[in-house]
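Comments concern the structure below.
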Amino acid sequence: MSQTFEARVIAAYGRHALVRDADGTVREARPQGRRLDIVCGDQVRCQHDAQHDSTRIVEVLPRSGTLYRSNLRGAAEAVVANVTRLVAVVAPKPAPDLFIIDRYLAAAASAGIGALVVLNKADLPDADQLATELEPLRGAGYTVLRCRRDEPASLSQLAAALQDQIGVLVGQSGVGKSSLVTRLLPGVQIATQELDRDLEGRHTTTASRMYDLPDGGALIDSPGVRDFAPAISTLEPGSMGFIEVDSLATGCRFQDCRHMREPGCAVIAAAETGRLDARRYESYRRLRRLYEDLGRAAAPR
Ligand code: GDP
Ligand code: ZN
């Protein structure tokens, strides 16, 4: 005998997962069949086999707020699903790569996920310099919060921004994401170590995990990355997910303007006068070129 129930994927390790049902019961589960791709945050339908006390994931329910990256073959691959807030973390150390931050923000905007930026390790001497570099993001409309672990109060705005949301922290490894998670989720460390083994007991470092926030909502801790390439096919075609390009584009002469060298382009005009930040525009151009190169490669000859 078996019965089906809905559950949330709270940890995904390739072909293994932990799922939590509406009652809060957590079970180990495996997706049924090779085709079923599951990521942390997915709502799934499961089947429990009481006789063997095993659980299979039989269906992934429709996703919203999904962050997609480009895999090595250039195809879209979900990273986390059903997320409502992306927190892009950047710090004076390791050396910040703002183009990575731009790409995360672009992926979030294209997926309809609200995003904000955390300038972490704000106690370090280069924090003011970094704050200046982040000013264009604030100008574009993103909230930029400063956090430092020696000032616990600096965390309260981030905690407030995540309350009742399903949040995900992203950014280069070493920017202090784990420290933020530990402080946002007091007492979670033990759970982390338990979950760091898959069903065969091997250590794994590639898993994302979802934790309940103390004041409502949940937080997904994703592994640190060296780089992030959004899935090109999921980017908003007019603006590539650059929110200030999107609002400027209403002034372009052509509705399908690429904002690269078109006449009457309001985006290029804004970049020339400095109203659009030069680094952000360069970042936009890089992503647009990648988008078009991959589009050409994919097109039939
Ligand atoms: P993750 O790779 O993004 O998860 O980064 P970690 O949380 O492991 O932190 C990386 C390093 O930054 C560690 O050595 C932490 O002690 C340090 N760190 C974390 N938060 C702060 C902070 O607010 N200020 C300073 N100066 N260092 C921090
Ligand atoms: Zn344009």
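The table below gives the values:
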quantity	calculated
Any cysteine of the chain lacking a neighbouring Cys Cβ under 4.7 Å - listed by number	Cys40, Cys46, Cys147, Cys265
Evaluated at q = 0.09, 0.12, 0.15, 0.16 Å⁻¹: base-10 log I(q)/I(0), Debye formula over Cα of the chain	-0.49, -0.83, -1.19, -1.30
Kirkwood hydrodynamic radius over Cα pairs of the range 48-174, then Stokes diffusion coefficient at 10 °C and 1.306 mPa s, in µm²/s	97
Mean Cα-pair separation over length for the range 66-163, i.e. relative contact order, pairs under 8 Å, 6 or more apart, %	23
Simple label model, 7 Å out from Cα along Cβ direction - Phe254 to Arg279, nm	3.1
For the range 214-275, the fraction of alpha-carbon pairs in successive 5 Å shells from zero, as %	4, 15, 19, 15, 12, 11, 8, 9, 5, 2, 0
Net length gained if the chain between Glu6 and Leu72 were fully extended (0.36 nm per residue, minus Cα distance)	20.5 nm
Point-to-point label distance, Arg286-Arg45, nm (Cα→Cβ direction, 7 Å offset)	4.3
Residues Arg34, Arg279, sorted so that the one with the fewest Cβ neighbours within 10 Å comes first	Arg34, Arg279
At least 15 Å along the helix axis (C-alpha) and Kyte average at least 1.0, DSSP helices within the chain	98-111
The range 1-121, relative contact order in percent, only Cα pairs under 8 angstrom and at least six apart counted	19
For Phe99, Phe228, Phe242, order by how many other beta-carbon atoms lie within 10 Å, fewest first	Phe99, Phe228, Phe242
Order of Leu67, Leu276, Leu61 under a 10 Å beta carbon neighbour criterion, fewest first	Leu61, Leu276, Leu67
Relative contact order (%) - criterion: Cα under 8 Å, at least six apart; region: the chain	17
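Any read-out appearing in this document is the output of simple, stated calculations on the displayed coordinates, not a laboratory observation. Note that the coordinates shown come from a computational prediction; the quantities given were computed from them, not determined experimentally. Virtual Cβ from ideal backbone geometry, glycine too; neighbours counted across all protein chains shown.
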